[in-house]
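The values are calculated or read from the model by the stated rules, or taken from the named source; none is laboratory data. Please read these numbers as outputs of a predicted model, since none were measured by experiment. Heads up, the Cβs are rebuilt from the backbone with ideal geometry, glycines too, and the neighbour counts pull from every protein chain shown.
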Amino acid sequence: MRHADSETDREAGHQTETFDGELVPDARGRTRRPEPDCPVEVALAAISGRWTTLVLRELMGGARSFSELRAALPDLSAKVLTERLGDLTARRLAVREELPGFPSRTSYRLTPAGQALRPLLIELYRSGSVLLAQ
């Protein structure tokens with residue numbers, strides 16, 4: 001009888017977790033703290049860092065040279081642009097290609113994983129617009 005009572009006590013104290021199936025479609029998002037393999041955390045890390053979203057925006061239109069990116073984002077320092085491009089290539093969201101000719105030039109383009117961030121950036125813009133209008 002004692003065993004049955006403890007089972008009942010345990011069941012009474014257990015809370016059933018419910019998740020919005022659209023927000024959390026699988027177990028990877030059912031965490032109690034940020035986890036490196038949580039899809040939301042991975043997406044946030046991909047766009048983190050000042051200027052990253054703008055660099056991504058520029059690369060969404062196709063491959064760009066370093067100087068083209070500098071011209072498109074004139075307030076962005078060469079140092080920060082180099083860091084952001086390094087972060088994007090390290091995360092395999094962009095690739096760096098050496099272009100033939102002299103002087104040597106480099107070009108950056110998004111990988112399919114980088115292109116997959118497009119809907120996220122669009123929705124962030126939409127959400128930001130709604131928040132600004134309030």
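A few points about this structure:
- The residues of the range 82-106 that are small (Gly, Ala, Ser) and at pLDDT below 95, listed by number, are 101, 104.
- Condition check for residue 76: farther than 20 Å from residue 120 by Cβ and in contact with a Lys or Arg (Cβ under 8 Å, 6 or more places away or on another chain): yes
- Picking from residues in the range 56-76 that are hydrophobic (A, V, I, L, M, F, W, C) and part of a helix (DSSP H, G or I), the one that is farthest from the chain's Cα centre (by Cα) is 71.
- Residue 46 of a type in the set (A, V, I, L, M, F, W, C) and at pLDDT below 95: yes
- Verdict on residue 53 being out of contact with any strand residue (DSSP E or B) (no Cβ under 7 Å at 6 or more places or on another chain) and in a loop (DSSP other than H, G, I, E, B): no
- The set of residues in the range 62-76 that are at pLDDT below 95 and not polar (S, T, N, Q) contains only 66.
- Criterion violated by residue 79 - all others in (1) surrounded by 12 or more Cβ atoms within 10 Å (Cβ to Cβ); (2) modelled with pLDDT of 85 or more; (3) in a helix (DSSP H, G or I) satisfied: (1)
For (1) more than 30 Å from residue 99 (Cβ to Cβ); (2) loosely packed, with under 11 Cβ neighbours inside 10 Å; (3) of a type in the set (Ser, Thr, Tyr), each residue gets a yes or a no:
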residue: 19; (1), (2), (3): yes, no, no
residue: 24; (1), (2), (3): yes, no, no
residue: 28; (1), (2), (3): yes, no, no
residue: 34; (1), (2), (3): yes, yes, no
residue: 39; (1), (2), (3): yes, no, no
residue: 45; (1), (2), (3): no, no, no
residue: 51; (1), (2), (3): no, no, no
residue: 60; (1), (2), (3): no, no, no
residue: 66; (1), (2), (3): no, no, no
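- Residues that are within 22 Å of residue 120 (Cα to Cα) and not in a helix (DSSP H, G or I) within the range 82-98 comprise 91, 92, 93, 94, 95, listed in sequence order.
- Any hit, the range 99-122, residues being aliphatic (A, V, I, L, M), loosely packed, with under 11 Cβ neighbours inside 10 Å, without any contact (Cβ under 8 Å) to a residue 40 or more places away in the chain and part of a helix (DSSP H, G or I): no
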